Structures are given as C-alpha cells and as structure tokens.
Amino acid sequence: MYSYSFLSFVSAVLAHDWSTCILATPPHQLTVRVTRCTDFLANTNERSIRVRVCELKGVFKCRGGISGEMPSNKSVSDAPITQFVNCRILKDHKLQWEDLWVREGKILNPEKLFFDEEGFADHKVDCEDKIIAPGFIDVQINGGYGIDFSQASSDIRGGVALVAKKILEHGVTSFCPTLVTSPSDIYHKVIPELRVQDGGPEGAGVLGIHLEGPFISEEKRGAHPPKFLRTFKAGGLADLMEIYGHLDNVAMVTLAPELANSAAAIHELSGRGIAVSLGHSMADLSQAEEAVQHGAKFITHLFNAMLPFHHRDPGIVGLLTSDRVPPGRTVYYGMIADGIHTHPAALRIAHRAHPAGLVLVTDAVMAMGLPPGRHTLGQQQIDIQGLHAYLTGTTTLSGSIATMDMCVRHFREASGCTVEAALEAASLHPAQMLGISHRKGTLEYGTDADFVVLDDTLTVRETYIAGQQVWRK
C-alpha cells in the first residue's frame, strides 16, 4: 500500500473516481488502481492507491481516468452494485470510516470486487456522515398497532404483516412474534400461521415464533393467566406437542427450569435448534445452571418475573457470572430498556457484569403505537397509563409500549455504554443467541444487507433489507 503522495505520475488521474494506469518503468511495469473516497481498503481516512506488479509489455498507458470514462465492468455478476459512502459502519465492534458495498442483497467485499472481478459501483448513496449499523432484531415482541399475536383472529398473517411493516421505522429488520401463555387451541390455530419469512419492502422478516409459556411458575407468572399454566407430565416431546400442536417455525421457548421433568424438554428443544430461555421462574442458581448444561441459552427479561438477586443464592441472575456455564458457551439475557421495567442502576450492573450477553428486547404489546386505554395481552385485559402497561385492576407490569430504537437510546444513556455496545445489543447479540450471526446482526462480507442508517442521536433515518431501502424518515 502506497500513500497518496507516492508516485507523482498518478496526480493527473486522482481527480477521477476510478482509473487504471500502466506505467512502463523498465524492466517492470506497474498497474495502479486509484479510488477517490475514504479508503476502506487501507482502513484509513486518507486517500491512497494500491499498486500491483504486472508482466506487461509496452509503454506508458492510461485508460479511464484521463478521459473520465469508467472502465468496463468485468464483475462476475450483472446485478447492480451499490456503494454507500461518507458513512461510519459498525464492524469489528467499532465504528469505522468505511464505505459499504452491496450486491444481490449481500454485503460485498470491495477488495475482491476491485482486484478479482475488476468491477465497480453502479450506484452511490451519500450517507452524509451518518452511522450504518446492522438491522435491529427483536426476539420478544407480543404485537403492536392494535395487533395481539396471541389472539386467533380471522387474519393472523395480515396482523403479523401490519406489525412487520410498522416496525421498519424503528430500525427492526427481523423479529420473533411472541405468544404469551394461552389455551392449547390458540397455539394450534396461531402457530401454523406464523411462518418464517424473509423481510423486504412489505415488512421486517420473521425469524420464528417465541413461545413464552405456558410451562412457567405460577408464583412468577406476571401477566400470564394462571388457569392456562402447564407442568411437564413426563417431559420431552409429548408434553410440548400436546400443548403447542407442532414446533414448526418455533425459534424460542421460555420455560421455568425448576418444573419437574423440564430437563428432557430443554434437551429436546435444544436438539431441534430451538433456543430455550429461562423465565417466569422461581429457580435457584443451581437449577438455572443445570438447565444451561442441558442446552438453555437465554434469560427472558432479566430481573423481571424471577427471584430477586440474593448474595447467598443469586438465582437466575447469577448465570451472568456463573463458572458452571460449559466452555465455549454464552448465556444471553434480555433487557427491557424502557426506563420502567429495570432501574438504570440494575441495567448498569447487568451490563458491566456480562456485556457480551445483553440483548435488548421491547416486550411490546398491542398498545405500542396506540393512545392510552384498555387493550389485550393474550387472554388478559391490560391498561395503558402513560408509558406503563398494567394488568387491569393491578400494578403488575404487562409488557411495554416501547420501540426498539427507544430502547437502544435509553440503554446508551442509562448504562453509559459506547454507541457500538448499544447497537450490538440490538443486533449482533440477538443474532448470536439465535445462531444466525453468520447471516444476520453484522456487516461482515457475505451477510445479509439488512441495516439501519442513524444520526448521532441514534435516531433511525433509513432502514434497508437485502440492500433495498424499505423505510425513510
């Protein structure tokens, strides 16, 4: 790599975005490619050039740059290439001044494009110094905008599509529709309708269903109706299938690990690639650790609906610093950073104890995006008072009306974490927990081009899915 000041012969072509020059300097010749933009190849803010030694004959030649014409695009694909410039992209856990390249819905490696394919950008998007981060992933959302995912409506898919469309403006590109404790017939009707699907202009993608209950503790049921709670009779597949009907399109199940015969269910679910989450539980730390050893990997809304931290037995909360988590495994935990469910001090304690495991969730209910009043959460009535959602006639919190971008901003402010940490808690960490970080939650080459454009206040300005703009402020 040579700096901008090296080889004065290229000064004439630096005024152009792209050129290829061959300099005859017997007995060698140099082929020079010049880019006029923030140099992502060198990871520096200074312009630079890359030089390659070629076995060519002839005299000094130059094509493209002097005349201002683009060289022929020898890319292996005819699909258009988009280059996002003047942006800070979240990559390798830090914001970097780099361009982002997209083709066919994937993040493109520009070095391979330039030097292997000899291709170039067909379109450029000026981001005006904004931030580009992976699209947000919400793994616990009960509904919104008048739609309750736990209701067997006449148009279940239409309801999911409405929420999927609306949450684009909050930077969410993928989500897990969440069902709270319900009668078995509700599961049998709703689960087959909530299908995994890719996102696009019509809305955020569905990664799979999150079944929160009914195998939870009655003492820590929260807003879940007690008459529909269930225990494991023998454990394993039979109990799950009896209640849920089938497990197609299920991504997560929240259960209480202290329930008798739960270990077999955890093992069965984990073996099917379904993330098991511990929540609405009276479990002590040893019970929680045993569940993790059987395959559990997540904690549903940490601190809420579980035993409070105690210095002699920290309960499920103790998993954040447990030394009995199997090597190579990470326990992730959901946080509702809405300023209501968790005190800022508790948020800071959790983050500082285990920053790599924090996953922001909204736990949003159907009242999200609607005025205060009475609404439903599954089989229960809830009242919205200000920013609080209460089980009707009680002071029991029943989900939230927060949006994901709101949670990201509050978490950043309340925890004092870096911008990068706040953004990764809503993108990378949920993707890692679900085992999909090879395609979602990052801006690594080859991953899905699902991302958000934000300003310095972390306000979402644009949302992209598969490289296509699906929402703009």
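How charged is the neighbourhood of GLY435? Take every other residue with its Cβ under 15 Å from the Cβ of GLY435, and add Lys/Arg as +1 and Asp/Glu as -1.
Net charge around GLY435: +4.
Report, to the nearest whole %, how much of the accessible area of the stretch 298-345 belongs to carbon and sulfur atoms, 1.4 Å probe, protein only.
55
Report in % the part of the accessible area of the stretch 181-264 that belongs to carbon and sulfur, leaving out ligands and nucleic acids; probe 1.4 Å. It would help to have the intermediate numbers written out before the result.
On the way: 1580 of 3210 Å².
So the carbon and sulfur contribution to the accessible surface is 49 percent.
To the nearest 20 debye, what is the magnitude of the charge dipole of the stretch 321-387 about its Cα centre, counting +1 on the Cβ of each Lys and Arg and -1 on the Cβ of each Asp and Glu?
Working: 5 positive and 4 negative charges, 45 e Å.
Dipole magnitude for the stretch 321-387 comes out near 220 debye.
What's the center-to-center distance, using Cα atoms, between the stretch 367-424 and the stretch 83-110 in Å?
Cα centroid of the stretch 367-424 versus Cα centroid of the stretch 83-110: 32 Å apart.
Which order do you get for LEU397, LEU423 if you rank them by accessible area with a 1.4 Å probe, largest at the top? Numbers along the way, then the final one.
On the way: LEU397 55, LEU423 0 Å².
Putting LEU397, LEU423 in descending order of accessible area: LEU397, LEU423.
Please give the peptides 116-125, 277-286, 137-146, 186-195 ranked by average Cβ packing (other Cβ atoms within 10 Å per residue), highest first, as a rough proxy for protection. Walk me through the numbers on the way to the answer.
Working: 116-125: 16.6, 277-286: 23.4, 137-146: 25.7, 186-195: 18.2.
Highest to lowest by the protection proxy: 137-146, 277-286, 186-195, 116-125.
If you average the C-alpha positions of the stretch 298-360 and of the stretch 425-473 separately, how far apart do those two centres end up, in angstrom?
Computed from Cα coordinates, the inter-centre distance equals 24 Å.
Please compute the per residue accessible area over the stretch 264-324 with all protein chains in place, 1.4 Å probe, rounded to a whole number of Å².
Values: 2500 Å² over 61 residues.
Solvent-accessible surface per residue comes out at 41 Å².
Given a 1.4 angstrom probe, what's the average accessible area per residue across the stretch 128-181, in square angstrom? Don't jump to the answer; show the numbers that get you there.
Values: 1410 Å² over 54 residues.
Normalised by residue count, the accessible surface of the stretch 128-181 is 26 Å².
Taking a probe of 1.4 Å, how large is the accessible area per residue of the stretch 373-473, in Å²? All intermediate terms of the calculation are to be shown ahead of the outcome.
Numbers: 3930 Å² over 101 residues.
Here the residues of the stretch 373-473 average 39 Å² of exposed surface.
How charged is the neighbourhood of PRO308? Take every other residue with its Cβ under 13 Å from the Cβ of PRO308, and add Lys/Arg as +1 and Asp/Glu as -1. Walk me through the numbers on the way to the answer.
Numbers: positive: LYS220, ARG312; negative: GLU219, ASP284, ASP313.
Surrounding charge for PRO308 is -1.
The values are calculated or read from the model by the stated rules, or taken from the named source; none is laboratory data. Worth saying up front: this structure is predicted, and the values here are computed from it rather than measured. All Cβ positions, even for glycine, are placed from backbone atoms using ideal geometry, and neighbour counts span all protein chains on display. Each accessible area value is taken on the protein alone, full model and side chains, heavy atoms only, with ligands, DNA and RNA left out. Shrake-Rupley method; radii C 1.70, N 1.55, O 1.52, S 1.80 Å.
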